[in-house]
Amino acid sequence: MAGLIRRSDIDEVRSRTNIADVVGDFVTLKSAGVGSMKGLCPFHEERSPSFHVRPQVGLYHCFGCGEGGDVFSFLQKMDHVTFAEAVERLAGRLGLELHYEDGGQASDHGNRARLLAANGAAEAWFQAQLATPAAQIGRDFLGGRGFNAADAARFGIGFAPKSFSALGDALKAQGFTEEELTAAGLLSTGERGRPYDRFRGRLIWPIRDVTGQTVGFGARKLLSDDDDKGPKYLNTPETLVYHKSQVLYGLDLARRDIAKGKQVVVVEGYTDVMACHLAGVTTAVATCGTSFGVDHIKVIRRVLGDVDNADTGGTGQVVFTFDPDEAGQKAASRAFQEEQRFAAQTFVAVAPDGLDPSDLRTQRGDEAVRTLIADRQPMFEFMLKRVLARFDLETVEGRVSAMRASAPVLAGIRDPALRSGYARNVAGWLGMDPAEVSRAVKGSSPRPVVDAAPGEPAAEKELSLLDLPTDIETRMERDALIAILQRPDAVGRELIERAATVRMRNSVLAAIRDGAAETLDGMERPDWVTKVAEVVPSRFAGLVAQLGVAPIPERESGVDKWAKAQVADLVAVDLGRRKFELQGASQRAAAEGDLERARRIQVELVELEKDRRRLTGR
């Protein structure tokens, strides 16, 4: 690995770079007077431009959100790269050779540039091959999975013909040496020392780093085992520019939407990434020939803004999709063990009938993929249900064993309110006394907790109402909490207790709701809101206080009615979800010929609808 870039080189890159040109790639700038330009800030939403750039001094500053810095920090924030990567990118733009110190080789950057150039040339060559008659097998593969020529072009897919030297010969004709092509992982060496094309008779996906540079390739077998004895998927080996544990396929396409939406979806394959993006889930990424690990987490946290970010406070979302087979379950367990490395909330999405996102899109369409992600469930809930599924819950012995097995998982939940909430959930699933489950948790050692990675501070900023998403469901959950915290007498204890059991989409508001449920015995006390703030995670305490004083959009004479209606609507929406699930279960029971079970479900549906109408009055 190269050492530190020489300070003199950094200063040279800074002095020779016009910050307005770099910022102009992302923001439309207009003159704002002598020596100043302005545009709409790329770091926050605004209607009037408050983002100013001063080319003569090489600085930018937003008077709306306070972001500011030089050209290096701008690239770091916009493209989510390290300082060194920002310097190297700008040096490449200038055609300036960098020098390294502290043990690095001065030639490393030059070698990197040649390998990246070779990968770029190979990518273009592979893409051209996809249009040849020999690539019909590859086009058929893509077509069978619902991808057309435009989709292939969007993701840069190519084809490697079944040839031992076609790629090598083409790139050597462009001036690349055999040593460079081998170092880039494009050529392999046979037993007799003779080089040959690494990828043959395969569909090719370019793997790019976060800046969009092609660092390697993933290749899918198309031929029979007799014609290709290699693995189903073959990737570029470790090189100077490609480290499989540090790259995520699709991150170059997803990074802006990940940063903007504070959500990343981790899938298992290249076609899954394509299916998600084409279906509108544009935050999907995948690992490249290796399991999801610590280095991937570092990359995701950086793009999410999940490390010491004063704006998010760890409220981002990481959604894992797993196949329901044994390999997928093992992947889920590995992700669960690393969950504590995230400040963001972690979720799991499992498609019905064992379909991965690619197959799901092919068989059921884009909407099914979007629904898969929308119906995600919290990681802790997913893992707890996996634990409980191992036991026979129809017997006392099975329920007790399940409780004991789930206790270490519950004990490992960092947030006290979340831990308490999940303990109540487990008690409900098992039909046991919540106090008994709580005692088991207190007497249990938590599952292994992974320490924070070096250099990842634990400090997190308190959240405010302005940090909450503005979608309809979050606003409904927010208003219900305002009603509960400000008008608990009007809402009533019974309705609040029902609200404590509903599934809430916003995990932050759900944690606050659990805190309210935990302290419900003090709901009539004047300091109840303060008590709620004390039991929720510290970064949510300020939000609890704001919910306790937020304006209510109703005249004083109608406040109590409004408050009860907000909480009733929250419960009714959850009943609607339950109704949908029961309707599906009824249909499956009828299809399986289990008419008695279908009848019982129909009775439950009738009672559920009556309950919903009592709540809403409609």
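If a/c stays under 1.5 just call it rounded; otherwise compare a/b with b/c (prolate if a/b is bigger, oblate if not). Do that for the range 515-618, with a ≥ b ≥ c from the square roots of the Cα gyration tensor eigenvalues. Prolate is the answer for the range 515-618, as a/c is 1.5 or above and a/b outweighs b/c. Angle of helix 294-304 to the longest C-alpha principal axis of the chain, folded into 0 to 90 degrees and rounded to 10: 80°.
What number comes out for accessible area per residue over the chain if the probe is 1.4 Å? Units Å², please. Write out the running numbers ahead of the final one.
On the way: 29410 Å² over 618 residues.
Result: 48 Å² per residue.
With the simple model of a label 7 Å out from the Cα in the direction of the Cβ, Ala128 to Ala435 spans 7.8 nm. Computed over all pairs of different Cα atoms, the Kirkwood value for the hydrodynamic radius of the chain is 27.6 Å. Under 14 Å from the Cβ of Met523, count the other residues' Cβ atoms, weight Lys and Arg +1, Asp and Glu -1, and hand me the total. Within the 14 Å Cβ shell, the charges total -2.
In nm², what is the average projected area of the convex hull enclosing the Cα atoms of the range 73-192?
11.0
Other residues whose C-beta falls under 14 angstrom from the C-beta of Gly230 contribute a net charge of +3, scoring Lys and Arg +1 and Asp and Glu -1.
Taken one residue at a time, the phi angles of the range 147-163 give Karplus couplings (6.51, -1.76, 1.60, θ = phi - 60°) of 10, 9, 4, 5, 5, 4, 5, 4, 9, x, 6, x, 9, 9, x, 6, 8 Hz. Gly and Pro are set to x.
When the solvent-accessible area of the chain is split by element, carbon and sulfur atoms take up 50 percent of it, the probe being 1.4 Å. Peptide packing for 74-87, 168-181 was compared via the average number of neighbouring C-beta atoms within 10 Å per residue; ordered from the highest value, the list is 74-87, 168-181. Cα gyration tensor of the range 115-181, axes a ≥ b ≥ c as square roots of the eigenvalues: rounded (a/c below 1.5), prolate (a/b > b/c) or oblate? Because a/c hits 1.5 or more and a/b exceeds b/c, the range 115-181 counts as prolate.
How large is the dipole of the chain about the Cα centre if only Lys and Arg carry +1 and Asp and Glu carry -1, each at its Cβ, rounded to the nearest 20 debye?
Values: 81 positive and 88 negative charges, 144 e Å.
Here the size comes out at about 700 debye.
The values are calculated or read from the model by the stated rules, or taken from the named source; none is laboratory data. The model shown is predicted, which means the values in this text are computed figures rather than measured ones. We place every Cβ from the backbone using ideal geometry, glycine too, and count neighbours over all the protein chains shown. Remember, those area values only see protein heavy atoms, side chains included, never the ligands or the DNA or RNA. Shrake-Rupley method; radii C 1.70, N 1.55, O 1.52, S 1.80 Å.
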